[in-house]
Amino acid sequence: MNILGMFCVRSWPGLVGFRSCVRSLHAFPGITVTQIDEEVAKLLELKAQLGDDGKQQFVLKTAKGTRDYNPKQMAIREKVFNTIISCFKRHGAETIDTPVFELKETLTGKYGEDSKLIYDLKDQGGELLSLRYDLTVPFARYLAMNKITNIKRYHIAKVYRRDNPAMTRGRYREFYQCDFDIAGQYDAMIPDAECLKIVHEILSELGLGDFRIKVNDRRILDGMFAVCGVPDDKFRTICSTVDKLDKMPWEEVKKEMVNEKGLSEEAADQIGEYVSMQGGMDLAERLLQDHKMSQSKQACAGLTDIKMLFSYLQIFQVTDKVVFDLSLARGLDYYTGIIYEAVLTQAGVAAVSNEAQNGANAEESVSVGSVAGGGRYDGLVGMFDPKGRKVPCVGVSIGIERIFSIMEQKAEASAEKIRTTEVQVMVASAQKNLLEERLRLVTELWNAGIKAEVMYKKNPKLLSQLQHCEESGIPLVAILGEQELKDEVVKLRVVATREEVDISRADLIQEIMKRTSKA
């Protein structure tokens, strides 16, 4: 900026006092009126950009990868949460909570290549902090810090990932996780099987469509990598690449292994043969006889546990949805044994999409990835314990945001009206000057634990009150009038049928409770 511009800016209190600014410029010989006009024009343009009040304009929006939820969406969400929490409690879980941010060193080195997605908080001159990436690592920290050796807990809370959001697929930067974990030294595969049973129950109860639960074992993967010729120091990075098989074809995965990760083409081809295998207990038995896999003690231990797992799953009656899939890797570093992931099948996705589209373009239909995942992580707690004491853990995380995307789309396609309140009865009046009587009656209902409301007007029209009930889905209306007050009755109206009946004031609460308990 030239000396003229600098002078004008210094003399410019929100572009008030141009004249004094211009008069002051006579002290600078050689400055012409044309130059003054040009600088004034620039400042006027700047003022227009900033707005009349001199403040920079901004667009009202949520941050990238986040969203607001309206009452209808929250009603759907609460229904999903209630289903999940009910299942967790049915299986004997208690709940905890942990801070939304942790010491940065608590989270560092626990997530493999995904560590780059952790949100670091700005250094405030004290502790270095990061927003939690999941609920599992904070849970392990909680166990170690409090010297807890066994607990069955669930935790529902928000987590944060600096990911590229795909919000139509239920991927966000801020999102809820619903975790169920069993910590403690127990006999093999019993807690693991219960976690899979819980996934089966939740997905079945939510009615998301057909699904499959894929299972594998980190020991089988590591054994497979070893017998295929993968160097020890490349196990984790090759595992992260295998984990992309649900998003990329094998050709691209192999290309990344060979060209980017430096694996030999022969080793990649051998891995390709194994990761194409799917089955059940029979596949585990077959692999135990495989001349390569049988050379790995790790793989054999994992395969033996897979056989045991399927025997328990048969008792739990869930084997129809569970498949042993050698391509399942799950990229997180802390898994040590069984791993699993639930996905909607193409048929399940198609069923939801067809119901939701109702003639819309296929591009607009919902498309989701996994809807639940988890596994065994026996070494994570020991990372935080000063003496390295391990607490075996196994758990599952329900992908609530992806589930919510499906449920929301199904609700939009459905003709069913979603209630956003739980009001059971509206206290209304048929004539004027009955506000105090309405307030007395609604107070009686509130004191009896009945969900009720009144209109915030002294003399509302009866038609307006009835229309509010129909729009909000309120099932009953308690109508007061001068005659009803004289007779000590209340006219109870059923909104759906428009049936009306006079109920004595003394019996009203009992009658409302009887009618609403049937609903």
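The values are calculated or read from the model by the stated rules, or taken from the named source; none is laboratory data. Note that the structure is predicted; figures quoted are calculated from it, not measured. FYI the Cβ positions are ideal-geometry reconstructions off the backbone, even for glycines, and counts take in every protein chain you see. Keep in mind that these areas ignore ligands, DNA and RNA; they rest on the heavy atoms of the full protein, side chains included. Shrake-Rupley method; radii C 1.70, N 1.55, O 1.52, S 1.80 Å.
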Quiz item: Restricting attention to segment 297-315, does a residue exist that is open to solvent by less than 10 Å² (accessible area, probe 1.4 Å) and under 27 Å from the mean Cα position of the chain (by Cα)?
Solution: no
Quiz prompt | Residue among 427, 423 that alone is surrounded by fewer than 19 Cβ atoms within 10 Å (Cβ to Cβ), aliphatic (A, V, I, L, M) and under 26 Å from residue 72 (Cβ atoms) | solution = 423
Practice problem: Could you tell me which of the residues 473, 449 is loosely packed, with under 12 Cβ neighbours inside 10 Å and closer than 30 Å to residue 73 by Cβ? | Solution: 449
Exercise. Enumerate the pairs (first residue in segment 431-456 and under 22 Å from residue 472 (Cα atoms) and free of Cβ contacts under 8 Å to residues at least 24 places away in the same chain; second residue anywhere and outside any loop (DSSP other than H, G, I, E, B) and among the β-branched types (Val, Ile, Thr)) with beta-carbon separation below 7 Å, excluding pairs fewer than 6 apart on the same chain, so at least 6 apart or on different chains.
Key: 442/427
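Within segment 485-494, does at least one residue satisfy the condition of being under 15 Å from residue 426 (Cβ atoms), loosely packed, with under 11 Cβ neighbours inside 10 Å and basic (Lys, Arg)? Before you say what the answer is, go through the steps one by one.
Step one: filter segment 485-494 for residues under 15 Å from residue 426 (Cβ atoms), giving 490-494.
Applying the additional criterion that residues be loosely packed, with under 11 Cβ neighbours inside 10 Å yields none.
Checked segment 485-494: no residue is under 15 Å from residue 426 (Cβ atoms), loosely packed, with under 11 Cβ neighbours inside 10 Å and basic (Lys, Arg).
Here is a yes/no grid of residues against (1) at pLDDT 55 or above; (2) within 30 Å of residue 198 (Cβ to Cβ); (3) outside any loop (DSSP other than H, G, I, E, B); (4) among the aliphatic types (A, V, I, L, M):
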{"residue": "5", "(1), (2), (3), (4)": "no, no, yes, no"}
{"residue": "9", "(1), (2), (3), (4)": "no, no, yes, yes"}
{"residue": "26", "(1), (2), (3), (4)": "no, no, yes, no"}
{"residue": "42", "(1), (2), (3), (4)": "yes, no, yes, no"}
{"residue": "55", "(1), (2), (3), (4)": "yes, no, no, no"}
{"residue": "66", "(1), (2), (3), (4)": "yes, yes, no, no"}
{"residue": "74", "(1), (2), (3), (4)": "yes, yes, yes, yes"}
{"residue": "88", "(1), (2), (3), (4)": "yes, yes, yes, no"}
Self-check item: Which numbered condition residue 147 misses (of (1) on the phi < 0 side of the Ramachandran plot; (2) open to solvent by 50 Å² or more (accessible area, probe 1.4 Å); (3) among the basic types (Lys, Arg))
Solution: (1)
Self-check item: Identity of the residue in segment 482-512, assigned to a strand (DSSP E or B) and of a type in the set (Val, Ile, Thr), that ends up farthest from residue 446 (Cα to Cα)
Solution: 501
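Suppose the filter is touching a Gly at 6+ places or on another chain (Cβ under 8 Å), farther than 19 Å from residue 332 by Cβ and not aromatic (Phe, Trp, Tyr); does residue 151 pass it?
Answer is yes for this residue.
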Quiz item: Under the condition of being part of a helix (DSSP H, G or I) and over 13 Å from residue 183 (Cβ atoms), which residue from segment 109-137 is most open to solvent (accessible area, probe 1.4 Å)?
Solution: 116
Exercise. For segment 431-459, enumerate the residues that are under 42 Å from the mean Cα position of the chain (by Cα) and in a loop (DSSP other than H, G, I, E, B).
Key: 448, 449, 450, 451, 454, 455, 456, 457
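Rundown of residues vs (1) open to solvent by 10 Å² or more (accessible area, probe 1.4 Å); (2) modelled with pLDDT of 95 or more; (3) in a helix (DSSP H, G or I); (4) farther than 30 Å from residue 149 by Cα, yes/no style:
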site	(1), (2), (3), (4)
185	yes, yes, no, no
195	no, yes, yes, no
225	no, no, yes, yes
234	yes, no, yes, yes
241	no, no, yes, yes
269	yes, no, yes, yes
Quiz prompt | Filter result for residue 214 (of a type outside the set (Val, Ile, Thr), part of a helix (DSSP H, G or I), open to solvent by 10 Å² or more (accessible area, probe 1.4 Å) and within 28 Å of residue 398 (Cβ to Cβ)) | solution = no
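For residues in segment 202-211 being touching a Ser or Thr at 6+ places or on another chain (Cβ under 9 Å) and more than 30 Å from residue 273 (Cβ to Cβ), which is surrounded by the fewest Cβ atoms within 10 Å (Cβ to Cβ)?
Selected residue: 205.
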Quiz item: What pairs come up if the first residue lies in segment 332-349 and is part of a helix (DSSP H, G or I) and open to solvent by less than 20 Å² (accessible area, probe 1.4 Å), the second is at pLDDT 70 or above and not basic (Lys, Arg), and their beta carbons are under 7 Å apart, counting only those six or more places apart or on different chains?
Solution: 348/208; 348/209; 348/210; 348/211
Practice problem: Search segment 250-272 for residues being over 36 Å from the mean Cα position of the chain (by Cα) and free of Cβ contacts under 8 Å to residues at least 24 places away in the same chain, and hand back the single one that is nearest to residue 290 (Cα to Cα). | Solution: 269
Quiz item: Are any of the residues in segment 372-389 within 22 Å of residue 203 (Cβ to Cβ), open to solvent by less than 20 Å² (accessible area, probe 1.4 Å) and modelled with pLDDT under 90?
Solution: no
Quiz item: open to solvent by less than 60 Å² (accessible area, probe 1.4 Å), in a helix (DSSP H, G or I), of a type in the set (S, T, N, Q) and closer than 25 Å to residue 195 by Cβ, is that true of residue 106?
Solution: yes
Quiz item: Which of the following residues is assigned to a helix (DSSP H, G or I), closer than 20 Å to residue 71 by Cβ, open to solvent by 20 Å² or more (accessible area, probe 1.4 Å) and of a type outside the set (Ser, Thr, Tyr): 410, 417?
Solution: 410
Exercise. Answer with yes or no whether residue 253 is aliphatic (A, V, I, L, M) and within 26 Å of residue 117 (Cα to Cα).
Key: yes
Quiz item: Does segment 495-506 include one or more residues that are in contact with a helix residue (DSSP H, G or I) (Cβ under 7 Å, 6 or more places away or on another chain), open to solvent by less than 80 Å² (accessible area, probe 1.4 Å) and farther than 25 Å from residue 72 by Cα?
Solution: yes
